[in-house]
Amino acid sequence: MPILGADMTAGTLVAWRKQPGDRVARGDIIAEVETEKGLIDVEVFVSGVLERILVEPGATVPTGTALAVIREDAPVVAPVPAATAPVAAAVVSAPARGERVRVSPLARKLAATLGVDPTTLRGTGAGGAVTREDVERAAARGREPVAVAGPPPAARPRMDVARMRATIAAAMARSKREIPHYYVGHTIDLHRALGWLADENTRRPVPERLLAGVLLLRAVALALREVPELNAVWRAGQVEPRTEVNVGVAISLRGGGLVAPALHDADRRPLDELMRAFRDLVQRARSGGLRSSELSDATITVTSLGEQGVESVLGIVYPPQVAIVGFGRIAERPWVVDGAVVPRPVVTATLSADHRVSDGHRGGLFLAAVERLLQAPERL
Amino acid sequence: MASDLRAAVLRALGDVAPEADLTSLAPDVPFREQLDLDSMDILNFAVGLHAALGVEIPEADYPKLATLDACVGYLASRSAS
């Protein structure tokens, strides 16, 4: 069961798309799982033959649980999903009756606050101790036991908004607790970018038109080449730089909640291709059908609340990422150009970032790079 | 004619916001207010109308698609011309 978010603890296998004996290639969708982020398509990361299914439809299992066995083309047998197993089966079962459970003082206090019985949890800390993360995960999933078979799910299960809310709460609380944020902002003149966009869209048929949002996403992706330390994840007490630029796009869901799936390789895809991928991503985020890699691969997040009239947004970093970029609304403002006040469409871009990884100076340079890139939209 | 256009508009809208109850849609209140649409939805709405009716809607005309009544009126005028 892939880990599709920092605080995801379990998922329900909804359906298999492949059967034992079928050939699978890296990137194929092999199964559908339901999580607090909705219905997700699970991809495989190896090529070979699906040998055996380990989890039947309807079963809810912890993240890290092997779902199936694939006989790789190379003579190695790997569980699926091989790339996401590290947290593994630490939460598969509760401790045996009578077994003494070690609970850290902080976890015990938190458990009392959240109404969780820590003695029912399998700890993931040193020596099997129950940690505050274990307690938070248990609180997020409520009293629902994991690794139990449930009734067969409906063909297209509806998203559980309360469950998604609990997951967002856990991730955001963890971020604010653990990540020392710093914030910088920069107001950017979009006169050139929007002028270019209007001309471009006049020439394009409706399905090929671009949105201002995709220019902003592309500018962020390219600016990360200049300040690469913002494109990273923080794991086990240290930063891990990422070479690929996978921009998580915060997408609000009309039923409540939000997801931030990744636009892969946003710095290497031409604007047209990025726009098509962006449209597809939003459509699938809202209708169900996101892929597991899209929920686990983001290396930075971009959020925009401009369409809600917000002037600027100071985001909360989504762990394990180390930065989030926010855009407010594009508004016509008086702007000084060559000593004269003229009306210009401007947007306030902000950066919230992890101070353990970067400093405000570098954050400021990043926003300056975003601004500079947006002054030459034809090169985006 | 107008009822055909209205049905086409509602179908395109239903594709963009499948969770919305379009039977209670007020015809003179902006879609954005009633359905919480954003610019991606508006683009997809225009794409849907283009596919259904063959009407190429310039981006500058998107504000004319703001309500159900306005949208039907706009499409009728484009069809007439």
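What follows draws every value from the coordinates through simple rules; no lab data is involved. On a predicted model such as this, the values are computed, not experimentally measured, just so you know. For neighbour counting, all protein chains shown are included, and Cβ atoms are generated from backbone atoms with ideal geometry for every residue, glycine included.
Brief remarks on what is shown
- Net charge contributed by nearby residues that have their C-beta within less than 15 Å of residue A:16 (K/R +1, D/E -1): -4
- Per-residue Cβ neighbour rank within 10 angstrom, fewest leading, A:230, B:35: B:35, A:230
- Per-residue mean of C-beta atoms belonging to partner chains within 10 Å, peptide A:164-173: 0
- Built amide H within the under 5 Å cut-off of residue A:333, gap 5+: A:344, A:346
- Karplus-derived 3J(HN,Hα), 6.51/-1.76/1.60, for each residue of the stretch B:39-46, Hz, glycine and proline x: 5, 5, 5, 5, 4, 5, 5, 5
- Per residue of peptide A:221-227, the mean number of Cβ atoms on other chains within 10 Å of the residue Cβ is 0.
- Cβ-based net charge around residue A:30, under 13 Å, with every Lys or Arg adding one and every Asp or Glu removing one: 0
- A simple rule links phi to the HN-Hα coupling: the Karplus curve 6.51 cos²θ - 1.76 cosθ + 1.60 with θ = phi - 60°, which for the stretch B:57-69 gives 9, x, 4, 5, 8, 3, x, 6, 9, 5, 10, 5, 4 Hz, with x for Gly and Pro.
- The trypsin sites (Lys or Arg not before Pro) of the stretch A:215-253 meeting both criteria, a DSSP state outside H, G, I, E and B (loop) and at most 14 other C-beta atoms within 10 angstrom of the site's C-beta, are A:225.
- Each residue in B:24, B:39, A:296, A:312 was given a count of other beta-carbon atoms within 10 angstrom of its own, and listing them fewest first yields B:24, B:39, A:312, A:296.
- Estimated vicinal HN-Hα couplings, Hz - the stretch A:25-40 in sequence order (Karplus 6.51, -1.76, 1.60; Gly, Pro = x): 10, 3, x, 5, 8, 9, 7, 10, 10, 9, 10, 5, 9, x, 7, 10
- Here chain B is assigned +1 on the Cβ of each Lys and Arg and -1 on the Cβ of each Asp and Glu. Its dipole about the Cα centre then comes out at about 300 debye.
- Annotation: amide H-H contacts under 5 Å for residue A:15 (H modelled 1.01 Å from N, sequence separation of 5 or more, or interchain): A:32.
- GNM result for chain B, Cα springs below 10 Å: residue of B:58, B:18, B:30 fluctuating most strongly: B:58
- Each other residue within a Cβ distance under 15 Å of residue A:344 adds +1 if Lys or Arg and -1 if Asp or Glu, for a net charge of -1.
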